[in-house]
Amino acid sequence: MREILTNPLALLAITASFGLALGRIRIGQFSLGSSGALFVGLAAGWFVIRTAGDAEKARLLTEGVIRTDIFYLALALFIGAVALASARYLDKVVKVYGFKLLALGALVPLIGATTSWSLAQVIPGVIPGSIPGVFTGALTSSPGLAVALEQVAGRSPEAESAVGFGYAVGYIPGVLIVVLAMQLIPVIFKLDTGKENQTFREDLDIEPETEQATGGKFRPLEFFIVVALGYLLGALKVPLGTLGRVGLGSTGGILAAGLVLGFMGRLGPLDFRMPTAALSAVRELGIVLFLSVVGLRYGYRAVASMASGGLPLLVLSLSVALLSIGLGFLFGRYVLKLNWILLAGALCGAMTSTPGLGAAVEATGCDDVATGYGAVYPVALLSMVIFTILLSVI
């Protein structure tokens, strides 16, 4: 039995299988869908390390239950498929909703940063140096974490540890809140996703497309060109003076490459237009693997952090995630009057949340949410950098 639990591929397959089975259970209109893999992964990740011997436990805590290269492969499959599926309408989305999406992309990080600093002043037991980590963790922003660590680099090992601890505690609550929000918001606010989808397509004058119109088959060459260019693009760092050097990272790079090449359609002999059914299959595989890996890698540390004084940070991160997505939704829906299909993706983009995007795609049954995500992501990323630096300074 132990050999199975320590075999990464076997453990990943078991986690994905039970996660998908859990996701099929419906309670009224609510179901976890592929997000069930995250919950099963958390439990499995905790169990594997909890039952390990001392030497094996030390190794797993250092290397992780699942290697990071599997994590990045799953991420590439998911982001690449979603970007290519939604790219055809990017120009229309930006033209019709551009300013509103930019406003939302700046507002959600602002809410998160303000909440992080304000509540940290009144919740007892919050380590001041952990606040930037909690902020970036609650909004599930890996680029934000990199900036936070860069800001404290050289101060002391304790300062870096505080940031890392805050992120570790904040990340899982942040993931859970955004995943559950994508499922529960339509139920609580009685949103008809089918009608919202139809309205979205009518607003943008999108005609139904056939498999022939989208190329008829999946093309691995073009897909992996998107992934390769995305990694290259994500590795580029742009100097922003006192803000440091900022890049899109692998998520933003693949997203940008997929949206641009998918929108262009053809580039010489290469055809980046692929059928929705094929891309949906790749997307589903990617998000299930991605969420399984996240759960397996963070499960033990999430439980352990609660037992080692992480409760104040847990309360703080839950509050940050809830207020960020809750107030962001209310502003986007009732002030900006955004369609739910677009708003769901935009909220996740404003939090730079890849797990949230997966939940949004599944909850709406529409890949077009990625257009909102892609349009918001750049300004949200820059906002995350600015607010993370401010939290590190104050």
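Each value in this text was obtained by applying a stated rule to the coordinates, not by laboratory testing. None of the values given here were measured: they were computed from a predicted structure. Note that we place each Cβ from the backbone using ideal geometry, even for glycine, and neighbour counts take in every protein chain shown.
Among the GluC sites (Glu not before Pro) in the range 1-85, which ones are in a DSSP loop with at most 13 other Cβ atoms within 10 Å of the Cβ? Mind listing them?
none
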Length-normalised contact order of the chain, Cα under 8 Å, at least 6 apart, in percent, tallies to 32 percent
The Rg/Rh figure for the chain, Cα atoms and Kirkwood Rh, to two decimals is 0.96
Scalar couplings 3J(HN,Hα) for the range 286-298 by Karplus 6.51 cos²θ - 1.76 cosθ + 1.60 (θ = phi - 60°), nearest whole Hz, x for Gly and Pro, are x, 6, 5, 5, 4, 5, 4, 5, 4, x, 5, 6, 9
Partner lysines whose C-alpha sits under 24 Å from that of LYS100, ignoring same-chain residues fewer than 8 away, are LYS92, LYS190, LYS195, LYS337
Computed over the range 1-137, the relative contact order (Cα-Cα under 8 Å, seq sep at least six) in percent reads 13 percent
Rounded to the nearest Å, the spacing of the alpha-carbon centers of the range 169-206 and the range 74-132 is 15 Å
In the range 2-393, taking the dipole from +1 charges on Lys and Arg beta carbons and -1 charges on Asp and Glu beta carbons about the Cα centre, the listed residue (LEU322, ALA228, SER118) farthest towards the positive end is SER118
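Kindly rank 9-18, 357-366 from highest to lowest mean number of other beta carbons found within 10 Å of each residue. Walk me through the intermediate numbers first.
Details: 9-18: 17.7, 357-366: 26.0.
Top of the packing list down: 357-366, 9-18.
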Sorting LEU248, VAL40, ASN339 by the position of each Cα along the dipole of the range 2-393 (Lys, Arg +1; Asp, Glu -1; all at Cβ), the one nearest the positive end of that ordering is VAL40
Residue by residue through the range 330-347, the couplings from Karplus 6.51 cos²θ - 1.76 cosθ + 1.60 with θ = phi - 60°, in Hz, x for Gly and Pro, are 4, 5, x, 7, 9, 9, 7, 6, 7, 5, 4, 4, 6, 5, 4, x, 5, 4
Along the range 93-106, Karplus-curve 3J(HN,Hα) (6.51, -1.76, 1.60; θ = phi - 60°) to the nearest Hz, with x for Gly and Pro, reads 5, 5, 5, 7, 10, x, 5, 5, 5, 4, 4, 5, x, 8
Length gained if LEU9 through SER161 is fully extended, taking 0.36 nm per residue and subtracting the Cα-Cα distance, is 51.6 nm
At the level of C-alpha centres, the distance separating the range 3-62 and the range 259-279, in angstrom, is 34 Å
